[in-house]
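S.K.: I'd like to ask you about the structure that follows.
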Amino acid sequence: MASNAAVPFWRAAGMTYITYSNICANLVRNCLKEPYKTEALTREKVHFSIATWKEGKPEKPVIRSDTPEE
Amino acid sequence: MAMAALRREGRRFAPLLSPRPIAAVRSSLVSEEDIPFGARSISTQVVRNRMKSVKNIQKITKAMKMVAASKLRAIQIRAENSRGLWQPFTALLGDTPSVDVKKNVIVTVSSDKGLCGGINSTSVKISKALYKLNSGPDKETKYVVLGEKAKAQLVRDSKKNIELTISELQKNPLNYTQVSVLADDILKNVEFDALRIIFNKFHSVVSFLPTMSTVLSPEIVEREAEAGGKLGELDSYEIEGGETKAEILQNLAEFQFSCVLFNAVLENACSEQGARMSAMDSSSRNAGDMLDRLTLTYNRTRQASITTELIEIISGASALEG
């Protein structure tokens, strides 16, 4: 029942359910033993670029990535 | 020997004799009637060059087809597995494509790269139709565009309505973490009553169905549930723990969006590879046809010049004898 008490806290911290569940999933992945751990972690790479538009003009795209730019 | 020498002579004199040597060469590709007076043999260089380039293009398209085919196999399994993610949601919340709300957000899923047939134009077309369908007084419809190709098409006439564009999604193999971070970003950046995700659902290598999935915001789900219908059954579920129904619904809506988006992105990537495969298949077939035609022209021209030379030699010899 600990998770029930935690619900308002992550919501209050400005997280959505998706972020919350991702953090939980990442914790579970980190519980794996090697070599499965690195395998599971390399599978979950995030990379995309997102741009918001104002008045029909794109603003500078932000790159969301957890791999450093080469 | 004599024939080879003659041919060489002929080639050397051809530009001198013919008034429009280049035009004559060009016409050898189109018709053989326009050969200028006095030209004995036509250079087949242009046809040979064209044949070489067509052959190279065919090699490239064949290679692209192979690449697409192997990528398709990998992604098809993932796409089919990901269908299990949204099906429970549809069973629970139902799919309500006709829901009438104020703030619509159309999420158009497309590819970053081209050369994959008409899948991107299809999703753009459906999105525009949906925009027309949902526009009206005191209504607001916005686009969220995934992929470069749909962006390029939507910028032309509806750039005022674009809210977000996302690209470079397929740099790494698609995975749920990535799509969920993306879904999170979309949720935080747009206000919506209903999200409508447009993508090409993969049916087989040659058929893709443009599909719309609707994700409602928690308030709308509640409104619809009160109105009855499929969503009315929501109340018959027992909720464990101390959460209120509104909290549960908000969590569900967020999770539903990321799952549906994940499936949409995978299905679309799968359709993209399938479409690319069939497009490349037909283009290498066309290159083959073109090559056949060019070879025929080339051989016919060559044969004609040899025949002419033979006739000249024989008639010259017989003139000397006689």
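The values are calculated or read from the model by the stated rules, or taken from the named source; none is laboratory data. All values derive from a computational prediction rather than experimental measurement. Ideal geometry is used to build each Cβ from the backbone, glycine not excepted, and the neighbour counts take in all protein chains shown. Calculation scope for accessible area: heavy atoms of the full protein, side chains included, ligands and nucleic acids excluded. Shrake-Rupley method; radii C 1.70, N 1.55, O 1.52, S 1.80 Å.
S.K.: Restricting attention to the stretch B:162-202, and to residues there that are open to solvent by less than 10 Å² (accessible area, probe 1.4 Å), touching a residue at least 60 places away in the same chain (Cβ under 8 Å) and at the interface with chain A (Cβ under 7 Å from one of its Cβ atoms), which single residue is farthest from B:K71 (Cα to Cα)?
M.R.: That would be B:A183.
S.K.: Next question. Quick check on B:F208: is it of a type in the set (A, V, I, L, M, F, W, C), touching a Lys or Arg at 6+ places or on another chain (Cβ under 9 Å), surrounded by 20 or more Cβ atoms within 10 Å (Cβ to Cβ) and closer than 25 Å to B:Y131 by Cα?
M.R.: The answer is yes for B:F208.
S.K.: Out of all the residues in the stretch B:78-99, which are assigned to a loop (DSSP other than H, G, I, E, B), open to solvent by 60 Å² or more (accessible area, probe 1.4 Å) and in contact (Cβ under 8 Å) with a residue 24 or more places away in the chain?
M.R.: Residues satisfying the conditions are B:D95, B:P97.
S.K.: In addition: When the residues of the stretch A:14-47 are filtered to those that are closer than 15 Å to B:S180 by Cβ and not in a helix (DSSP H, G or I), which remaining residue is farthest from the other protein chains (Cβ to nearest Cβ)?
M.R.: So, considering only residues that are closer than 15 Å to B:S180 by Cβ and not in a helix (DSSP H, G or I), the one farthest from the other protein chains (Cβ to nearest Cβ) is A:M15.
S.K.: Sticking with this one: Report yes if some residue within the stretch B:31-45 is over 30 Å from B:K125 (Cβ atoms), modelled with pLDDT of 80 or more and loosely packed, with under 11 Cβ neighbours inside 10 Å; otherwise report no.
M.R.: Within the stretch B:31-45, one or more residues are over 30 Å from B:K125 (Cβ atoms), modelled with pLDDT of 80 or more and loosely packed, with under 11 Cβ neighbours inside 10 Å.
S.K.: Give the stretch B:53-75 a look and list any residue that's touching a Gly at 6+ places or on another chain (Cβ under 8 Å) and surrounded by fewer than 19 Cβ atoms within 10 Å (Cβ to Cβ), or say none.
M.R.: Correct list: B:Q58 only.
S.K.: Keeping to the stretch A:18-60, report how many residues are under 27 Å from B:G147 (Cα atoms) and open to solvent by 70 Å² or more (accessible area, probe 1.4 Å).
M.R.: Within the stretch A:18-60, residues that are under 27 Å from B:G147 (Cα atoms) and open to solvent by 70 Å² or more (accessible area, probe 1.4 Å) number 9.
S.K.: Can you tell me which residues in the stretch B:106-140 are surrounded by 24 or more Cβ atoms within 10 Å (Cβ to Cβ) and over 20 Å from the mean Cα position of the chain (by Cα)?
M.R.: Residue satisfying the conditions is B:I106 alone.
S.K.: While we're here: Exactly one of these conditions fails for B:V155: (1) within 11 Å of chain A (Cβ to nearest Cβ); (2) open to solvent by 30 Å² or more (accessible area, probe 1.4 Å); (3) modelled with pLDDT of 90 or more; (4) touching a helix residue (DSSP H, G or I) at 6+ places or on another chain (Cβ under 9 Å). Give me its number.
M.R.: Unmet condition: (4).
S.K.: OK, next. Take B:R276 and decide whether it is away from every other protein chain (no Cβ under 14 Å), touching a Cys at 6+ places or on another chain (Cβ under 8 Å) and of a type in the set (K, R).
M.R.: Yes; evaluated as a whole, the condition is true for this residue.
S.K.: Is it true that some residue in the stretch B:256-263 is open to solvent by 10 Å² or more (accessible area, probe 1.4 Å), farther than 23 Å from B:K113 by Cα and in contact (Cβ under 8 Å) with a residue 60 or more places away in the chain?
M.R.: yes
S.K.: Moving to a separate point now. Could you check B:L115 against (1) within 14 Å of chain A (Cβ to nearest Cβ); (2) of a type outside the set (V, I, T); (3) assigned to a loop (DSSP other than H, G, I, E, B) and say which number it fails?
M.R.: All conditions pass for B:L115, except number (1).
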